[in-house]
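The values are calculated or read from the model by the stated rules, or taken from the named source; none is laboratory data. Computed from a predicted model, the values in this text were never measured in an experiment. All Cβ positions, even for glycine, are placed from backbone atoms using ideal geometry, and neighbour counts span all protein chains on display. Remember, those area values only see protein heavy atoms, side chains included, never the ligands or the DNA or RNA. Shrake-Rupley method; radii C 1.70, N 1.55, O 1.52, S 1.80 Å.
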Amino acid sequence: MSEDLKKNETQLLEAYLKNKLNPEIRLVTRSQTDDSVEVYLGSEFIAVIYKDVDEGETSYQFQMTVLSEDLGD
């Protein structure tokens, strides 16, 4: 079940991803929904993170789609 992502959760997620993946990652709130944020690497949109609460446990799903044309030759 998805729930709203709070500002402090977004900040904690962003700090975690900057530390684990890349210091240029930034999270941006979405105007259409409060249960997810957009992930950018520099100015490029790369993914969406969804918040999920199931049986009292919270998790965050990082969903990244890679198109075959993005893979190059």
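Summary table below
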item	result
Unmet requirement for GLY72, which otherwise passes all of (1) open to solvent by 40 Å² or more (accessible area, probe 1.4 Å); (2) on the phi < 0 side of the Ramachandran plot; (3) at pLDDT below 95	(2)
Every residue from segment 1-20 that is open to solvent by 50 Å² or more (accessible area, probe 1.4 Å) and under 12 Å from the mean Cα position of the chain (by Cα)	GLN11, LEU12, ALA15, TYR16, LYS18
Failed item, numbered, when GLN11 is tested on (1) polar (S, T, N, Q); (2) modelled with pLDDT of 95 or more; (3) not in a helix (DSSP H, G or I)	(3)
Considering residues of segment 53-69 that are closer than 13 Å to LEU13 by Cβ and exposed (fewer than 15 other Cβ atoms within 10 Å of the Cβ) only, the residue farthest from the chain's Cα centre (by Cα)	THR58
Test: residue in segment 41-49 that is under 17 Å from ASP4 (Cα atoms), part of a strand (DSSP E or B) and open to solvent by 40 Å² or more (accessible area, probe 1.4 Å)	no
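Rundown of residues vs (1) under 20 Å from GLU3 (Cα atoms); (2) of a type in the set (Val, Ile, Thr); (3) without any contact (Cβ under 8 Å) to a residue 40 or more places away in the chain, yes/no style:
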| residue | (1), (2), (3) |
| --- | --- |
| ARG30 | yes, no, yes |
| VAL39 | yes, yes, yes |
| VAL53 | yes, yes, no |
| GLY56 | yes, no, yes |
| GLU69 | no, no, yes |
